[in-house]
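Notes follow the structure.
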Amino acid sequence: MKAALRLNASAAVHQFLQRLANPLVLILLFASLISAFSGAIANAALIAGILFFSIALDFYQEHKANKSAERLLQSVALKATLIRDGFSLRVPVSELKAADVVLVKAGDLIPADCLVLEAHDFFVNQASLTGEAFPVEKKKASDIETMTRPAQPDSTGSVFMGSAVISGQARLNIVFTGNSTLLGKISEQIKKPQEISVFERSLHKFGMLISKITVLLVVLVLVINIYGERPLIESLLFSVALAVGLTPELLPMVMTVTLTRGALRVSSVGLIVKRLTALHDLGAMNVLCTDKTGTLTEANISLCSHVDMYGDNSQHVLELAYLNSHFETGIKSSLDQAILEHGAVATSNWKKIDEVPFDFERRRVSVLLEKEGKRWLIVKGAPEDIISLCTRYESLSMADLRLQTETRRTIQATQQKLEQQGFRMLAIAWRAVDIAHDDAVVGDETTLVFAGFLSFFDPPKESARNVLLQLSGLGIATKIITGDAEAPTRAAAKALDFSVTGVLCGQDIAHLDNTALRARIHGVNVFCRMNPAQKERIVRAFQQRGAVVGYLGDGINDAACLHTADIGLSVDSAVDVAKESADIILTSQDLNAITAGVHEGRRSFGNIQKYILMGSSSNFGNMISMACSSFLLPFFAMLPSQILLNNLLYDLSQASIPFDHVDEKVMQKPTRWNVQYIKHFMLGIGTVSSIFDLLMFYILISFFKADEEKWLGKTEQVG
């Protein structure tokens with residue numbers, strides 16, 4: 001406990017000292033030192049006091065906000081199944097250490113660099129390390145690997161942090177964690193910066209605008225004062241004070257407090273914000289791409305029929321599908337669960353030999369089974385892919401017959417009839433395998449015997465229809481991107497009162513380059529039969545068209561899109577790879593939380609923009625007035641310390657902005673930073689403010705005959 005407290009205290013001190021590295025803070029420190037060396041001790045003390053108070057206020061508010069945000073993140077932190085003293089317990093991945101033993105299964109992320117102690121049909125995706133998209137099978141580590149410990153990704157007995165489990169399960173012994181892992185070392189070597197968010201890009205543009213104006217103003221004032229033969233030190237201090245006065249120093253604090261308050265508010269409706277700026281990006285979102293199954297539908301799928309090629313009920317099709325789903329060790333999809341819940345099939349006489357796990361390129365899963373000295377390869381997957389691999393078909397009169405053109409038309413007609421009724425479809429095929437065959441490979445999935453179809457129904461989610469309508473009213477266009485076929489997707493859209501304006505399928509975009517795709521997606525709001533790579537291309541295409549894109553998904557196939565999109569949204573029940581890639585987590589299946597998040601994002605942005613417009617225009621007006629006074633008056637209109645004190649008091653008056661309400665019109669459409677608007681507002685309102693200041697200068701000089709002593713309050717004379 002004491003060590004943790006010392007660590008927290010050290011981190012807090014480090015965060016406080018980091019603020020001293022801010023360029024404006026260094027300028028103030030420089031100004032304070034110059035004042036002290038010139039003999040103006042009181043002035044130096046005032047500048048230092050103002051500096052310390054500003055830093056302390058900023059640190060306190062931001063530290064308090066960050067602590068609140070950290071508490072929220074703990075509720076959705078990734079966890080691993082740790083084996084300790086014979087018991088399994090779920091612990092945060094950050095608490096794992098070397099020599100721990102963990103269990104992983106399909107859908108989990110590998111939490112560290114580990115040696116494989118036990119493995120059952122264990123396949124992992126190592127694309128983050130090797131770039132290889134296809135799963136790699138891992139087996140129990142050999143004695144040599146145990147001695148050398150994890151070394152390279154091609155080692156069959158080692159797994160590495162950053163990999164995702166595609167199928168099977170394994171017991172692992174942790175060897176390296178954190179920065180000591182292979183991925184950690186690569187990250188240290190490459191030092192690749194994170195892709196900046198929409199909010200950060202806009203903030204950078206605003207910072208550049210303020211910097212340009214500040215440099216121009218400071219140089220101009222310094223030249224004017226030197227030309228007017230005023231003391232160099234005083235002129236320098238005056239110029240530095242103007243630079244500080246022009247900058248909205250409390251902006252970081254206002255942003256952090258505003259966004260954190262918004263994150264805390266939406267947490268009460270089931271939305272956990274992992275990255276604070278994602279709340280702003282959610283308010284700026286104008287395109288939401290979403291998967292269909294489990295997001296717009298309940299994922300409460302039921303098996304409706306199991307039929308042969310003619311559409312007649314077939315118990316054999318159900319038996320084959322049940323055996324495939326029962327023995328596969330990958331992630332059990334909702335379709336698998338529906339098959340297993342539909343009706344039990346005796347499996348005791350069957351023995352599993354091997355399997356080829358599902359992947360999104362093949363879109364099928366195969367299991368090699370043995371019964372009574374005979375082996376069968378049973379393949380289940382997307383109808384188009386399965387049918388293309390079949391050369392024969394089952395018949396009631398014979399075991400199998402050769403597929404002819406007319407027979408293929410019959411199969412396709414049955415498929416289309418079921419799909420047009422809104423059912424999701426799987427096809428089942430099989431092939432007898434020589435007993436000497438002791439493993440299953442992709443090459444075995446040929447010359448199959450077509451068995452039939454399975455049809456499923458997935459009811460639309462109750463909250464989805466209302467949410468889609470609300471999002472449209474908020475200026476957000478929804479795009480459905482799914483791996484399902486067109487017909488059931490259209491049926492689901494109709495049930496949700498979602499108007500389909502255009503459809504593109506995976507085969508349509510497979511031969512389009514990125515430029516053609518960017519043009520082709522205009523007006524399209526439904527994308528069917530998409531694999532993960534195609535989904536990501538679509539997200540990027542909308543971004544390249546200038547949209548702020550959100551993506552809602554919960555599966556392994558959604559991970560790339562969740563990472564690429566400006567705002568990744570997932571659910572707490574999603575697989576680890578999806579949750580890790582997402583910026584925002586929904587703790588429930590109620591999609592109304594998304595609209596609440598959009599409102600809060602826009603409210604937060606409205607208050608941040610309010611501070612920026614008020615602060616920048618006021619500061620600009622004041623500084624223009626001071627700059628003009630350097631040219632018009634024989635003395636400084638305000639002392640540097642007075643400029644800084646005035647700026648601090650004005651900032652303090654705006655400290656309540658994060659808790660303010662915003663106009664209703666801000667909530668009605670996507671809100672994004674508009675630096676040109678900020679620039680015009682600052683120049684326009686600031687100039688009006690300066691005109692009143694200059695008018696006051698004229699009155700004081702012309703009518704009250706104010707000199708330097710009266711002006712700056714150096715005596716108690718009134719007139």
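The values are calculated or read from the model by the stated rules, or taken from the named source; none is laboratory data. Treat the numbers as computed from the prediction; the structure is a model and nothing was measured. Neighbour counts run over all protein chains shown; Cβ positions are idealised from the backbone, glycine included. For the accessible areas, the whole protein counts, side chains as well, though only heavy atoms, and no ligand, DNA or RNA atoms are used. Shrake-Rupley method; radii C 1.70, N 1.55, O 1.52, S 1.80 Å.
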| In sequence order, what are the phi-derived ³J(HN,Hα) couplings for region 285-291 according to the Karplus relation 6.51 cos²θ - 1.76 cosθ + 1.60 with θ = phi - 60°, rounded to whole Hz, with x for glycine and proline? | 4, 10, 9, 10, 8, 9, 5
| said: Give me a comma-separated list of calculated 3J(HN,Hα) values for region 651-668, in order, Karplus coefficients 6.51, -1.76, 1.60 applied at θ = phi - 60°, integers in Hz, x for any Gly or Pro. | reply: 4, 4, 5, 9, 5, 8, 4, x, 9, 7, 8, 10, 5, 4, 5, 5, 8, 8
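Report, to the nearest whole %, how much of the accessible area of region 581-647 belongs to carbon and sulfur atoms, 1.4 Å probe, protein only. Please list the in-between numbers first.
Numbers: 1170 of 1830 Å².
Of all accessible area on region 581-647, carbon and sulfur atoms account for 64 percent.
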| said: Can you give me the Rg/Rh ratio for region 576-632, using Cα atoms for both radii and the Kirkwood formula for Rh? | reply: 1.40
| query | Roughly speaking, what % of Cα-Cα pairs in region 353-466 are separated by over 18 Å, rounded to a whole number? | reply | 55 percent
| Can you give the charge dipole size of region 415-504 about its Cα centre, rounded to the nearest 20 debye, using +1 on the beta carbon of Lys and Arg and -1 on the beta carbon of Asp and Glu? | 660 debye
| said: How large a share of the accessible area of region 423-517, in percent, is made up of carbon and sulfur atoms when the probe is 1.4 Å and the other protein chains stay in place? | reply: 53 percent
| D (Stokes-Einstein, µm²/s), Kirkwood Cα radius, region 160-306, 1.306 mPa s at 10 °C | 73 µm²/s
| Once the Cα atoms of region 512-564 are picked out, what are the Rg and Dmax in Å? | 10.7, 29
| Binned Cα-Cα distance frequencies in region 84-126 - 10 Å width, integer % | 21, 60, 19, 0
| said: Restricting the calculation to Cα positions, tell me the Rg (one decimal) and the Dmax (whole number) of region 546-661 in Å. | reply: 23.1, 71
| Accessible area of residue 518, 1.4 Å probe, to the nearest 10 Å²? | 70 Å²
| said: Let me check I have the definition right: for region 608-666, take the eigenvalues of the Cα gyration tensor, multiply each by 5, take square roots. What are those semi-axes in whole Å, largest first? | reply: 30, 13, 5
| field | Descending Cα extents along the principal axes, region 366-425, whole Å | value | 41, 24, 19
| request: Take the alpha carbon atoms of region 294-354, find their center, do the same for region 105-119, and report the distance between the two centers in whole angstrom. | output: 27 Å
| In what sequence, highest mean first, do 673-683, 373-383 appear when ranked by Cβ atoms within 10 angstrom? | 373-383, 673-683
| query | Along region 474-484, what does the Karplus equation 6.51 cos²θ - 1.76 cosθ + 1.60 (θ = phi - 60°) give for ³J(HN,Hα), rounded to whole Hz, x for Gly and Pro? | reply | 8, x, 10, 8, 9, 10, 8, 10, 9, x, 7
| field | Calculated FRET value between residue 268 and residue 511, using beta carbons and R₀ = 56 Å, to 0.05 | value | 0.70
| Cα pair distances of region 275-403 binned at 5 Å [whole percent] | 2, 8, 14, 19, 19, 13, 7, 5, 4, 4, 3, 1, 1, 0
| Extended-chain gain in nm, criterion 0.36 nm per residue less alpha-carbon gap, residue 405 and residue 346 | 17.7 nm
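If you count, for each residue, the other Cβ atoms within 10 Å and average over each peptide, how do 616-628, 655-667 line up from highest to lowest? List each step's numbers first, then the result.
Values: 616-628: 22.5, 655-667: 13.5.
Per-residue Cβ counts within 10 Å, averaged per peptide and sorted highest first, yield 616-628, 655-667.
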| field | Relative packing of 400-406, 107-113, which averages over residues the other C-beta atoms within 10 Å, highest first | value | 107-113, 400-406
| note | Sorted by chain and number, the residues with a modelled amide H under 5 Å from that of residue 163, at a separation of 5 or more or across chains, are 110
| query | Ignoring any ligand, DNA or RNA, what whole percent of the accessible area of region 310-422 comes from carbon and sulfur when the probe is 1.4 angstrom? | reply | 48 percent
| said: What percent of all Cα-Cα pairs in region 636-705 falls into each 10 Å bin, going from 0 up to the bin containing the maximum distance? | reply: 14, 27, 37, 16, 6, 1
